[in-house]
Amino acid sequence: MSNVDYSLRGRIAVIAFQAPPVNSLGFALRDGLLAALERGAADPAVEGMVLIGSNGTFSAGADIREFGSPAMLRGPSLWTLNTLLDSLTKPVVAAVEGAALGGGGELAMSCHHRVALATAKVGLPEVKLGLLPGAGGTQRLPRLIGIENALNVMLSGEPLTVGMFAKSPLFDAVVDADLLGAAVKLAETSD
């Protein structure tokens, strides 16, 4: 079961998503996220958006239950979502808690800004499955933290603490509490 909730906090659209247990980016969730992002982009009253996982996890990436099935190929793809995020003129902030792994990390990196709880973990574990990050992570991560650091992240495949990246452009802010409040504030003050 996937669900995407769209609500407003002032002039910021909060897009809260869930696909238990780890917010895997299966077809239904990708489709719901696309609709919510397009809704926020089209609403003149909305000045920015926040993406946040609803159950203590941003996203652990692709839904491996869809591997080898027609659902895996159904659009929108994660690449489509990330391309849309690149093209949006309104700021989008990823609010990361729990984990942002694989495609979930790539989704967060595609947002204009990122805020994370200090306890969160990020990584690109695809290498452990014999895969490469396929939705832009191999390009976005080096731009954010440099080639050597990005290669270390990609080749280790390990989930890493957000604190390791607190002083890098990967995260605009690392907070101990009120993740959503910090993300909304950043969206309000971004241009």
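Computed from the coordinates by the stated procedures, all read-outs in this text should not be read as laboratory data. Keep in mind the model is a prediction, meaning the values are calculated, not measured. With ideal geometry, Cβ positions are generated from the backbone for all residues, glycine too; neighbour counts draw on all protein chains shown.
Considering the values [x] 44, 41, 28; [y] 63, 36, 31; [z] 61, 38, 35, which represents Cα extents along the principal axes in Å as calculated for the structure under consideration?
Matching the structure shown: [x].
Mean separation of Cα pairs under 8 Å and 6+ residues apart, divided by the residue count of the stretch 10-148: what relative contact order is that in percent? All intermediate terms of the calculation are to be shown ahead of the outcome.
Values: 258 pairs, mean separation 32.4, N = 139.
It comes to 23 percent, rounded to a whole number.
Using the Cβ atoms and a cut-off under 14 Å, what net charge is assigned to the surroundings of G56, where Lys and Arg are +1 and Asp and Glu are -1?
So the environment of G56 carries a net charge of 0.
Determine, for each peptide in 141-149, 43-51, 111-119, the mean count of other beta carbons within 10 angstrom over its residues, then list the peptides with the highest first.
On the way: 141-149: 14.7, 43-51: 19.2, 111-119: 22.1.
Per-residue Cβ counts within 10 Å, averaged per peptide and sorted highest first, yield 111-119, 43-51, 141-149.
Starting from the Cα of N3, step 7 Å toward the Cβ, then list every residue of the stretch 29-45 with an amide N under 17 Å from that point.
Only 29-33, 36 fall inside the zone, counting backbone N under 17 Å.
Around A28, under 15 Å between beta carbons, what's the net of Lys plus Arg minus Asp minus Glu among the other residues? Could you put the intermediate results ahead of the total?
Details: positive: R30, R65, R74; negative: D5, D31, D63, E66.
It works out to a net charge of -1.
Determine the sum of side-chain charges near N149: Lys and Arg each +1, Asp and Glu each -1, restricted to other residues whose C-beta is under 14 angstrom from that of N149.
Details: positive: R140, R143, K167; negative: E148, E158.
Computed value for this residue: +1.
Tell me, in nm to one decimal, what length is gained between L155 and D43 on full extension, where the rule is 0.36 nm per residue of separation less the Cα-Cα distance? Each step should come with its number before you reach the end.
Details: separation 112, 0.36 × 112 = 40.32 nm, distance 4.07 nm.
Separation in residues times 0.36 nm, less the Cα-Cα distance, equals 36.2 nm.
Any idea how far apart E148 and E188 come out in nm if each label point goes 7 Å out from Cα toward Cβ?
4.1 nm
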